[in-house]
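The values are calculated or read from the model by the stated rules, or taken from the named source; none is laboratory data. Since the model is a prediction, treat every value here as computed from it, not as a measurement. Glycine also receives a Cβ, built like all others from the backbone with ideal geometry; neighbour counts cover every protein chain displayed. Remember, those area values only see protein heavy atoms, side chains included, never the ligands or the DNA or RNA. Shrake-Rupley method; radii C 1.70, N 1.55, O 1.52, S 1.80 Å.
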Amino acid sequence: MPDHAEPTQSTPPSADSAAGVGASRRPVEAVLFDFHGTLAQVEEPHDWVLAAARACGVALERVRATALADRLLTAGRAGGPLPARVPPALAELWAERDLYPHAHRGAYTGLAATVDAGIDGLADALYERVLVAEGWVPYPDTAPTLAALRSAGVKVAVVSNIGFDIRPFFAAWGLDALVDAFVLSYEVGRCKPDPAIFWRACGMLGVDAERALMVGDTAADAGAVRAGCAVLVLPEAEPGRPNGLGSVLDLALRG
């Protein structure tokens with residue numbers, strides 16, 4: 001997350017067909033989770049703008065913050081949605097945003113700067129908000145799901161297309177002890193749906209791909225099928241709402 005590579009197929013596999021539910025399914029020894037849209041969501045857009053404006057010394061009225069947030073979302077926000085249009089001057093940074101931290105920052109501050117907000121430094125402040133745990137909201141079923149997997153001895157990795165380190169977020173949320181490995185595109189030089197990033201995750205966990213379940217919310221996550229993993233695609237939920245992660249336990253822990 002916080003953003004994903006653009007989908008390579010229009011419709012992700014259904015949960016049942018992708019996860020390989022049936023008699024032939026092998027036991028799950030590891031679960032690979034996408035980050036954005038699967039384990040956590042960025043804060044509400046107006047809260048994002050209000051917090052960034054405060055960091056710039058400006059107190060916005062909520063109505064103005066909401067209107068500004070709408071324009072910024074159209075321009076493109078780290079954590080989604082994708083921009084309606086990428087200006088040619090930002091095309092190279094955009095293409096490499098999940099491979100290099102400077103490209104990620106440059107792409108998203110550049111997109112925010114296309115919106116004339118009348119607040120000095122806002123583009124950088126908006127981006128800084130995405131770099132802190134307070135700018136994200138873990139789904140309410142994230143902690144229970146990770147804890148149940150840990151109790152059952154199932155290994156966990158977070159596999160994300162992202163341009164910065166999300167480990168501090170999990171530490172801030174008290175979830176770092178429940179994750180065995182973080183496989184981040186900017187660190188490994190591969191982005192989902194490239195099978196190599198999923199193989200890297202399985203290698204770090206010491207499990208065969210055929211015994212791993214990838215859980216995400218986009219077709220890029222479903223690319224794990226090409227690596228030999230089972231896949232569960234869940235619908236992205238709004239911040240603070242359950243994300244259906246309980247179904248992961250049904251697949252990973254049932255006899």
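Quick notes
Residue by residue, here is whether (1) in contact with a Gly (Cβ under 8 Å, 6 or more places away or on another chain); (2) over 30 Å from residue 206 (Cα atoms); (3) of a type outside the set (A, V, I, L, M, F, W, C) holds:
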| site | (1), (2), (3) |
| --- | --- |
| 73 | no, yes, no |
| 83 | yes, yes, yes |
| 96 | no, no, yes |
| 103 | yes, yes, no |
| 126 | no, yes, no |
| 133 | no, no, no |
| 155 | yes, no, yes |
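- Residue that is under 19 Å from the mean Cα position of the chain (by Cα) and farther than 19 Å from residue 44 by Cβ, where the choices are 114, 142, 109: 109
- Within the stretch 64-80, tally of residues that are small (Gly, Ala, Ser), crowded, with 18+ Cβ neighbours inside 10 Å and more than 21 Å from the chain's Cα centre (by Cα): 1
- Residue that is open to solvent by 20 Å² or more (accessible area, probe 1.4 Å), farther than 21 Å from residue 164 by Cβ and over 17 Å from the mean Cα position of the chain (by Cα), where the choices are 225, 233: 225
- Failed condition for residue 61, given (1) more than 19 Å from the chain's Cα centre (by Cα); (2) modelled with pLDDT of 95 or more; (3) not aromatic (Phe, Trp, Tyr): (2)
- Test: residue in the stretch 135-145 that is in the same structural domain as residue 236 (by the TED database), surrounded by fewer than 16 Cβ atoms within 10 Å (Cβ to Cβ) and not acidic (Asp, Glu): yes
- Failed item in (1) open to solvent by 10 Å² or more (accessible area, probe 1.4 Å); (2) over 22 Å from residue 223 (Cβ atoms); (3) among the β-branched types (Val, Ile, Thr), with residue 179 passing the rest: (2)
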